[in-house]
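Encoded as structure tokens, the structure appears first; notes follow it.
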Amino acid sequence: MSRAFVREDDGSRPETLPEIPVSAAPNLVTPRGLGLIAAEIDRLGAALAEADPESDAAARLRRDLRYWNLRHATARLTHPAPETEAVQFGARVTYETDEGERKTVIITGEDEADPASGRIAYTAPVARALTGVEPGASVTLKLGPREVELEVIAVDIPPENGGAA
């Protein structure tokens, strides 16, 4: 191979990073989620102020800061309606599967989602299936080739989203 087509990296330029993909879904956020975005912007800004501007670390921080600034700019703060009994954005919902497994989740924005801690994005299949369903009612969720029946047991609004403590 000709050396003309081989790029030598002497490490003098920061790494060129791809942008973080941004969801095409509306950027709905809970009050807690909006606070988390603002905190991440503050954290990244402070870290960037301390970083060598020519370093790969600074390039990553600038890229991440662009993402979070965009998410903050496009955030649509969404409060759950306390008078609604049905599952909705920002609500905590307890449901039971047809196999008897009981789960409680809070339906959040995409950036706030953390399934391990019981926070699922409103765009997740389970959240989409449950949205609009009232306690005592069931819905069928298609997961690949199988179907799962989900019965809503309880719906409430957690305090961080405007519910009673």
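The values are calculated or read from the model by the stated rules, or taken from the named source; none is laboratory data. Predicted model, so just to flag it, every value in this text is computed and none were measured. Cβ coordinates were reconstructed from backbone atoms using ideal geometry, including for glycine residues, and neighbour counts include every protein chain displayed.
Output the residues belonging to segment 139-165 that are without any contact (Cβ under 8 Å) to a residue 24 or more places away in the chain, surrounded by 13 or more Cβ atoms within 10 Å (Cβ to Cβ) and farther than 18 Å from THR84 by Cβ. It would help to see each step written out before you state the result.
The initial filter retains those residues of segment 139-165 that are without any contact (Cβ under 8 Å) to a residue 24 or more places away in the chain, namely 139-147, 159, 164-165.
Okay, now just the ones that are also surrounded by 13 or more Cβ atoms within 10 Å (Cβ to Cβ), so 139, 141.
Hit for segment 139-165 is LEU141, nothing else.
Give the number of residues within segment 69-87 that are without any contact (Cβ under 8 Å) to a residue 60 or more places away in the chain and within 21 Å of GLY118 (Cα to Cα). Walk me through how you get there before you give the answer.
Applying the first criterion (without any contact (Cβ under 8 Å) to a residue 60 or more places away in the chain) to segment 69-87 yields 69-78, 81, 83-84.
From what is left, the residues that are within 21 Å of GLY118 (Cα to Cα) are 77-78, 81.
Number satisfying all stated conditions: 3.
Suppose the filter is in the same structural domain as VAL155 (by TED's automatic domain parsing) and either without any contact (Cβ under 8 Å) to a residue 60 or more places away in the chain or among the small types (Gly, Ala, Ser) (or both); does ALA124 pass it? Write out each step before concluding.
Details: in the same structural domain as VAL155 (by TED's automatic domain parsing): yes; either without any contact (Cβ under 8 Å) to a residue 60 or more places away in the chain or among the small types (Gly, Ala, Ser) (or both): yes.
Criteria met by ALA124.
Just to verify a result, which residue in segment 80-93, among those that are more than 12 Å from PRO158 (Cβ to Cβ) and among the β-branched types (Val, Ile, Thr), is surrounded by the fewest Cβ atoms within 10 Å (Cβ to Cβ)?
Ranking the candidates gives THR84 first.
Does ALA86 satisfy the criteria of being over 27 Å from VAL22 (Cα atoms), at pLDDT below 95 and in a loop (DSSP other than H, G, I, E, B)?
When the stated conditions are applied, ALA86 does not pass them.
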